[in-house]
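Quick notes on the structure that follows.
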Amino acid sequence: MTALLRVENLRIELATRLGVAPVIDDVSFELAAGETLSFVGESGCGKSMTALAIMGLLPDKVGRIAAGKILFNGEDMTQASDERLRSLRGNDISMIFQEPMTSLNPVFTIGEQIAEVLRRHKQMDKRDAWKRAAELLDAVRIPDATHRVGHYPHQLSGGQRQRVMIAMALACEPKVLIADEPTTALDVTIQAQIFDLLEDLRKDMGTAIIMITHDMGVVAEMADRMIVMYAGRKIEQGDVHTVLDHPRHPYTKGLIACVPHLVATLDEHRPPLTEVSGIVPGLQEFGKNECLFASRCDRVVERCLRERPTEQRFDKDQVSACWQANTL
Amino acid sequence: MTLLRAVAQRLLYAALLLLAVLVLNFSMMHLAPGDVADTIAQSMGGADSDVMARIRSDYGLDQPFSVQLMRYIGNVLQFDLGYSFFYNQPVTSLIFSKLPATLLLVVTAQLLALTVGVLLGVYSARKQDGIVSHFVTVFALFGYSAPVFWTGILLLIAFSLKIPLFPVAGMIDVTVEGGFFARFIDLLRHMVLPVITLASIFIALYSRLCRASMMEVLGTDYIRTARSKGLSTREVVYKHALKNSLSPVITLAGLQFSAVVSGAVLVEAVFSWPGLGSLALQSIIARDTPTILGILFFSALVVIVGNLITDLALRWIDPRVRSRT
């Protein structure tokens, strides 16, 4: 596996009123060309922060990369100039966001918003960029694309807007696409269509996808590998089938148990739905040298409260950061 | 096509509004004690009741209110605003001789206020802890609290008397020799202080509002999207953010247009600017009813046209406004 993107010991610090908190604490992973890697975890566990860090879009003055490297094709992006980052952003690495309703600029046509990327990165002239924008809209299956290209965002539905976002993100055929909960704000029926679309485009262009989600169903369907995040730390990683079949972290296990089982008939017995009780610790707890999941864990031992679990490797590159991983 | 329809609709509203203004102005002037006959009699050094009655019937002042009103509206529809006995010329030509000076002052001040206000607002929104940002906050408070005549007089003392950079009063200096260019420069020199005085309040207002709306826009999702596309900071701020943050500023500018016109009256008085404001002041003192009514009518017209332009500007900026009509 040759890594297209390699994140090494990334630490992101966020300035809060209570002081500096490591929202991403010593996270490493690799992304191979053309694969789909899924990030899973509850809200506030650092999935989006990781994505923004890769994009170089951490909020000014609030968040900063305190340590670690983000290597894209061997080039350390944490050391790159703003100018260099801008030439990669939207070109080799692009991103689609959670909120399609507000992610498009209301005062420009969708054609202009797509064409702008092409003019910026592919040095296309106005007419070619506009023509290509219409083709891209057609590629993301917006009906009557040559006409719709002149429409404004408010004339489109949420699902269509997310398609426009996808068209925009894929305009320059990026090597990496980061999708931050791309369907959370959409209807269930539209969700499936968007995932189909992403999957097709990935096959066509060979774009590697980082799929951020909290939906285990999406992970099972879309991803090759997955990383489970908890409180800014990577707690489990591995091939999707391996992890889903045999999770080696109590938190992953809990997440999987949360997914309701489909039953054939209404009177068939279904196992009661479980939850991972408790909540993610507050930001001020994040830096502590202990297992941050311990307070919610039913397998907690004394060592968990004393020492942060190290990553242990298992078959098929499965990694778990739990002192009890062997017994799971 | 929709643009034409929108303009036609606005023009219809404007006509109705002007009619209402006419009726209201005329009624209010009618309610005020004293009329033309009193003033004429006064300037003649007194007159007996026969002469007063003659004057009243000559001016149609003995007719019932409704007849006077209808006659007035009928005349206005024919672009006849009456005759000013005080200036001894038709009100329409009197106003047209003064209107350009006021429009020059009002439009220049409004454009200056918008440009400077927006630039200051954008700059201070981007550098929120910078010196300009604090300056804008203080300046906004100061500019908004200081009355224009006071600002005007202070500027006069500073830049006409202590440091004689600009002329004290008037719009043109008749002694200036030379061609068009020399006279143009002379006009500009006369304009500097009145325009700055009038613009100062509005610079304060617009910069403060623009700063707030720019800060809000810079935090939106679509600005994050624009940044994720690899656009330069300049493109993100001046293309994606500015167009969105302008809407509230333009709306306020439209609402403030009447304030600019009334502010002009004060500024014209301070700087002896030969415009409608000075004319209004003199005609009020002289009880020159037709002229006062004419000026009120034209002020209303200027404000309505200003609002029409605002509406069109908003349509141009925000496509959502376009689809609503």
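Please return the ranges of helices (runs of 4 or more DSSP H) entirely within the range B:210-307 where 1 or more residues are in contact with an Asp or Glu (Cβ under 7 Å, 6 or more places away or on another chain) and within 14 Å of chain A (Cβ to nearest Cβ).
Helices (runs of 4 or more DSSP H) meeting the threshold: B:221-228, B:242-271.
Being touching a Gly at 6+ places or on another chain (Cβ under 9 Å) and within 14 Å of chain A (Cβ to nearest Cβ), is that true of even one residue in the range B:309-325?
Yes, the conditions are met somewhere in the range B:309-325.
To keep it simple, each residue is scored yes or no on (1) over 26 Å from A:Leu88 (Cβ atoms); (2) more than 30 Å from the chain's Cα centre (by Cα).
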{"position": "B:Cys210", "(1), (2)": "yes, no"}
{"position": "B:Ser213", "(1), (2)": "yes, no"}
{"position": "B:Glu216", "(1), (2)": "yes, no"}
{"position": "B:Thr220", "(1), (2)": "no, yes"}
{"position": "B:Thr225", "(1), (2)": "no, yes"}
{"position": "B:Lys229", "(1), (2)": "no, yes"}
{"position": "B:Val236", "(1), (2)": "no, yes"}
{"position": "B:Ala241", "(1), (2)": "no, no"}
{"position": "B:Leu246", "(1), (2)": "yes, no"}
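Checking the condition under 18 Å from A:Leu197 (Cα atoms), surrounded by fewer than 20 Cβ atoms within 10 Å (Cβ to Cβ), without any contact (Cβ under 8 Å) to a residue 24 or more places away in the chain and more than 10 Å from chain B (Cβ to nearest Cβ), which residue from A:Asp125, A:Asp138 passes?
A:Asp138
Within the range A:141-163, which residues are surrounded by 18 or more Cβ atoms within 10 Å (Cβ to Cβ) and either over 17 Å from A:Met205 (Cα atoms) or of a type in the set (Ser, Thr, Tyr) (or both)?
Correct list: A:Ile142, A:Ala145, A:Arg148, A:Val149, A:His151, A:Tyr152, A:Pro153, A:Leu156, A:Gly159, A:Gln160, A:Arg161, A:Gln162.
Provide a single number: the residues in the range A:79-112 that are more than 23 Å from the chain's Cα centre (by Cα), touching a residue at least 24 places away in the same chain (Cβ under 8 Å) and either part of a loop (DSSP other than H, G, I, E, B) or within 8 Å of chain B (Cβ to nearest Cβ) (or both).
4
Here's a check for you: in the range B:174-199, which residue that is surrounded by fewer than 24 Cβ atoms within 10 Å (Cβ to Cβ) and among the small types (Gly, Ala, Ser) is modelled with the highest pLDDT?
Across the range B:174-199, the extreme among qualifying residues is B:Ala182.
Condition first: under 30 Å from A:Gly217 (Cα atoms), away from chain B (no Cβ under 13 Å) and basic (Lys, Arg). Can you find one or more residues in the range A:62-71 that meet it?
no
Say we look at the range B:46-76 and pick out the residues that are outside any helix (DSSP H, G or I) and surrounded by fewer than 17 Cβ atoms within 10 Å (Cβ to Cβ); which of these is farthest from the chain's Cα centre (by Cα)?
The extreme case among them is B:Asp48.
Within 14 Å of chain B (Cβ to nearest Cβ), within 19 Å of B:Tyr222 (Cα to Cα), more than 18 Å from the chain's Cα centre (by Cα) and modelled with pLDDT under 90: is that true of A:Gly150 in this structure?
No, not satisfied.
Within the range B:231-273, track down each residue that is among the aromatic types (Phe, Trp, Tyr) and either closer than 30 Å to B:Ile295 by Cα or buried (at least 21 other Cβ atoms within 10 Å of the Cβ) (or both).
B:Phe257, B:Phe271, B:Trp273
The values are calculated or read from the model by the stated rules, or taken from the named source; none is laboratory data. From a predicted model like this one, the values you see are computed outputs, not experimental measurements. With ideal geometry, Cβ positions are generated from the backbone for all residues, glycine too; neighbour counts draw on all protein chains shown.
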